[in-house]
Amino acid sequence: MHNLLWLKSGCCGGDSISLLNLDQPDLYTALKMLDIKVDWFPSLSFESDKDVHDILNKIVRGEKKLEFLMVEGAVCDEDDEKTNYVTFCGHSMKYWIVELAKKSSYTIAVGTCASFGGIMATGSENINWMGLQYLMKKHGGILGTNYRSSSGFPVINIAGCPAHPDWIIGTLDFITKGKFTAENLDKYQRPDLFYSKLAHHACPRNEYYEFKASAEEYGQQGCLFENLGCKATQCESDCNERLWLGRTGSCTRGGFPCISCTSPVFPDGFLPFFETQKIEDIPTTLPLDVPKAWYVGISGMAKLACPKRLAVNAVSFKKVDVEEGKTE
Amino acid sequence: MNKTITISPFSRIEGDLEVKVELESGKITNAYTSGIMFRGFERILKGRDPMDSLVFTCRICGLCGISHSTASSSALKEAYKAEMPPNAYFVRNILLAIENIANHLTQIYMFFMVDFLNKKYKNEPYYDIIVRRFTPFTGESQKKVIQVRKKILEIMGIIGGKWPNSLVIQPGGVTKTLNLSEIGSCFGILNEIRDFFEKTLLGCPIESWLENKSFNDIEKWMDDEENAKSDLGMFINFGSKIGLAKIGAGSEKLLSCGAYDEPDGTFWLKGGLYNGSWFPFEQIKVEEHISYSWYKGYDGGIHPSKGITEPDTQKENAYSWSKSPRYNNEVIELGPLARMIVGNDPLALDVFQKVGSSVFTRQLMRIHETIKLVGKIKDWLDSIDPESPFYIKHHKLKECNGIGLVEAARGMLGHWICVKDNRIFNYQIITPTTWNFSPRDSAGNPGVLEKSLTGLEIEDSENPVEMYHVIRSFDPCMACTVHAARGTKNDASFSLPI
């Protein structure tokens, strides 16, 4: 049997909540299938107070094994003896994470805050919030650049704000099957199984995207990339293929722009969120999966070739029937 | 014999909470509540594009992002003089209802009921049933509730794209345009989840429960064997047996800003202050105190539109980063109980009168509100007209102010925005948990939970389960207590000798 400990540092609890939304199968079935015993999970466990101290101390003293150390939220780089912005069981959270990470077989950062600092690391004066092994794109973080868990892995980053529950459980599944190697981590130590696509892939607005038939305001059916700030062509995730909440939705399916929440430079690398910055008519946020020069050339032609059906519907909130085959 | 109990960490709530109480002969004489985390969103927001608040504030809390979205978009809507089409009101109400139901189900099953498993109760009748149903991860009802929770969130997915952290709600309405097929799917899901509510939670049709208008009606309802055997029946039976009706009185003054607004400006659950009788709610009477919080800059209380968030880690006597919100200088309770009473729900009023404010009443009203909401969503779904727009484009204003108030699962949530030169000049947030879990104010009055714990008898200071019931009945969301708190590492120096 495997065991797991989940700690919450500077966070909103959104990754825990997201984990509860796990579908195919539900969380309890998944834990049973993976043969994982949850030693402590703040939102669900019976134990409080001294019982929790006991669990932590036993692990730190080496009297109890710890396979999966899961951390949610950014960690404050603070001196254990001085100001504690996040305290836990009589110490700073940093103290516990450093000590427990010496014992864990796998140390897993859940969510963008724990991975890269995320929202918490944004504009916080005097408080050094960071991820477990990164601060944005800078390697190091709380555990340092040389950190390896006892299985030899660096911190595994399950980025996302929140992380998709499949990405969390899928990673555990991957590991417990014994198939996970360092090759499976991308350049930001994210499992490439989930982060090698773009959120843009499988977006239902792709037909509009191809012909640059763009929405001009929210509620319309057109592509959100050209005017409304969508960063799905820069966001490394499989959101629009995998879908959320029982495979029912995604950001762009909800009609609002992707803000690239799996990125190490989320959120401030993607400002402004709701409009597209352009030089002349060309967005500055060009897609990651197409050569830039080609994109510029093709998009001008695509716009000229846009069927009227798409041009009309792109700026309509509901479907309008237009005679096929005509161009604008 | 004096003794101090400090419980930290306190699990099965949202976020990190530390509770410290002083005991004298087994009775709590003083209680102090602190969050143990500093996050400081208001400072992060300063100087940003006002629209950024939509992205940031929903990330204050992983449980109530839709409520924060509603509050921040409403504040921007007022500031930018934006308009919302009728469809957007209905859709927003559906999303808020789904989020509140998901929150309530989590609190009821995963947080609150689990305390019934406490070893103190192992000789009580029905304890075996409690263990079978409510054990975390494996209990029969726990397994069902994790299924129904994710099923109902599929409506959130269809409309809101994802959750937590959907950006579907904007100042001009909602970005999602629903078609007839999607509305049909939402109806379908609502019908699927009825099974859980009727077979597991209630033992009767939702409509039959909603016919209960008095405490007497509930007693009669309990005479039916199916009802008594249900999870709600078990709560009523077991909860009464272990004395939940006698502990955890909150404030007699209850407040709601009004919940689920319709396009015509009315509320499904009207707002106001209840103090034995009803008074209109006036947001101008809201003030925040910082006498016992690690902040500096003023004495007494000030209105959030003028709020200051200036940390002072060395402040004497302070024990929380949470400010103390007060209404007309009084300590006020918020939450489902307040919403039901202020909203004039006959069952709530009768139980409040007969049983009084207690853990039992508060928890029963949370369950009651959940059931009412499940019954109500279909009306909003029916009101949506897919042939009409869901969003109206608005303009940005350079200098403006706005207020956004909404009833989140745990009570009134307020956002106050002040925009100067197209940037956020000031942003203040008061969350419901800040009200219920506030430290003492400048007059020395304890917050609602502190007051509620005072006088509570603790049978075994090594296992203060009575405290657990009281604290969890308020459903604290410490992630939301964004002014947040710094934990004191040197707790020992604070403790009294045993």
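The values are calculated or read from the model by the stated rules, or taken from the named source; none is laboratory data. Everything numeric here is computed off the predicted structure, so don't read it as measured data. Heads up, the Cβs are rebuilt from the backbone with ideal geometry, glycines too, and the neighbour counts pull from every protein chain shown.
Please determine, by comparing only the residues of region B:276-296 that are of a type in the set (S, T, N, Q) and in contact with a strand residue (DSSP E or B) (Cβ under 8 Å, 6 or more places away or on another chain), which one is surrounded by the most Cβ atoms within 10 Å (Cβ to Cβ). Full working, then the answer.
Taking region B:276-296 first, the residues of a type in the set (S, T, N, Q) are B:277, B:283, B:291, B:293.
Those left that are additionally in contact with a strand residue (DSSP E or B) (Cβ under 8 Å, 6 or more places away or on another chain): B:283, B:291, B:293.
Numbers: B:Gln283: 15, B:Ser291: 20, B:Ser293: 25.
Ranking the candidates gives B:Ser293 first.
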Worksheet item: Do we have any residue at all in region B:50-60 that's more than 10 Å from chain A (Cβ to nearest Cβ) and basic (Lys, Arg)?
Response: no
Worksheet item: For region A:5-31, how many residues are in a strand (DSSP E or B) and facing chain B (nearest Cβ under 10 Å)?
Response: 3
Practice prompt. Kindly indicate whether A:Ser104 is at the interface with chain B (Cβ under 9 Å from one of its Cβ atoms) and either in contact with a helix residue (DSSP H, G or I) (Cβ under 9 Å, 6 or more places away or on another chain) or surrounded by 15 or more Cβ atoms within 10 Å (Cβ to Cβ) (or both).
Written response: no
Worksheet item: How many residues are more than 7 Å from chain B (Cβ to nearest Cβ) and at positive phi when one looks only at region A:32-55?
Response: 1
Discussion item. For region B:203-223, give me each residue that is in contact with a Gly (Cβ under 7 Å, 6 or more places away or on another chain) and not in a helix (DSSP H, G or I).
Written reply: B:Gly203
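Looking for something assigned to a loop (DSSP other than H, G, I, E, B) and either within 21 Å of B:Asp231 (Cβ to Cβ) or within 14 Å of chain A (Cβ to nearest Cβ) (or both) - is there at least one such residue anywhere in region B:372-381? Walk me through how you get there before you give the answer.
Here is the first cut: in region B:372-381, the residues assigned to a loop (DSSP other than H, G, I, E, B) are none.
No, region B:372-381 has no match at all.
Yes or no: A:Arg253 touching a strand residue (DSSP E or B) at 6+ places or on another chain (Cβ under 8 Å) and of a type in the set (Lys, Arg)? Step through it out loud before you land on a result.
Values: touching a strand residue (DSSP E or B) at 6+ places or on another chain (Cβ under 8 Å): no; of a type in the set (Lys, Arg): yes.
Judged against the criteria, A:Arg253 is not a match.
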Worksheet item: What is the number of the single condition among (1) in contact (Cβ under 8 Å) with a residue 60 or more places away in the chain; (2) on the phi < 0 side of the Ramachandran plot; (3) in contact with a strand residue (DSSP E or B) (Cβ under 9 Å, 6 or more places away or on another chain) that B:Ser358 does not meet?
Response: (3)
Fill in: Among (1) under 22 Å from A:Leu310 (Cβ atoms); (2) at pLDDT 95 or above; (3) of a type outside the set (D, E, K, R), the one test that A:Pro287 misses
(2)
Worksheet, complete the sentence: Of (1) without any contact (Cβ under 8 Å) to a residue 24 or more places away in the chain; (2) at the interface with chain B (Cβ under 9 Å from one of its Cβ atoms); (3) of a type outside the set (Gly, Ala, Ser); (4) more than 21 Å from B:Thr313 (Cβ to Cβ), A:Asp80 satisfies every one except (4)
Worksheet item: Restricting attention to region A:183-207, and to residues there that are farther than 30 Å from A:Cys12 by Cα and away from chain B (no Cβ under 14 Å), which single residue is surrounded by the most Cβ atoms within 10 Å (Cβ to Cβ)?
Response: A:Glu207
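Anything in region B:202-228 that is under 23 Å from B:Glu140 (Cα atoms) and either surrounded by 14 or more Cβ atoms within 10 Å (Cβ to Cβ) or not assigned by TED's automatic domain parsing to the domain that holds B:Asn123 (or both)? List them, or say none. Talk me through it step by step, then tell me what you get.
Taking region B:202-228 as the starting set, the residues that turn out to be under 23 Å from B:Glu140 (Cα atoms) are B:202-206, B:209, B:222, B:224-228.
Scanning region B:202-228 gives B:Leu202, B:Gly203, B:Cys204, B:Ile206, B:Trp209, B:Met222, B:Asp224, B:Asn227, B:Ala228.
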Discussion item. Name the residue that is surrounded by the most Cβ atoms within 10 Å (Cβ to Cβ), counting only residues in region A:208-224 that are without any contact (Cβ under 8 Å) to a residue 60 or more places away in the chain and more than 8 Å from chain B (Cβ to nearest Cβ).
Written reply: A:Leu224
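Name the helices (runs of 4 or more DSSP H) wholly within region B:108-202 that hold at least 3 residues that are at the interface with chain A (Cβ under 8 Å from one of its Cβ atoms) and of a type outside the set (Asp, Glu)? Before the answer, list the steps.
Values: elements: B:127-134, B:140-160, B:180-195.
It comes to B:140-160.
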Practice prompt. State all residues of region A:252-280 that are out of contact with any Leu (no Cβ under 7 Å at 6 or more places or on another chain) and within 7 Å of chain B (Cβ to nearest Cβ); if no residue qualifies, say none.
Written response: A:Arg253, A:Gly254, A:Gly255, A:Ile259, A:Pro267, A:Pro272, A:Phe273
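Pick from region B:22-75 the residues that are polar (S, T, N, Q) and farther than 24 Å from B:Glu407 by Cα: which of them is surrounded by the most Cβ atoms within 10 Å (Cβ to Cβ)? So that I can check it myself, show each step before the final result.
Here is the first cut: in region B:22-75, the ones polar (S, T, N, Q) are B:25, B:29-30, B:33-34, B:53, B:57, B:67, B:69-70, B:72-74.
Then drop every residue that is not farther than 24 Å from B:Glu407 by Cα, which leaves B:25, B:29-30.
On the way: B:Ser25: 9, B:Thr29: 13, B:Asn30: 15.
Applying the filter and picking the extreme gives B:Asn30.
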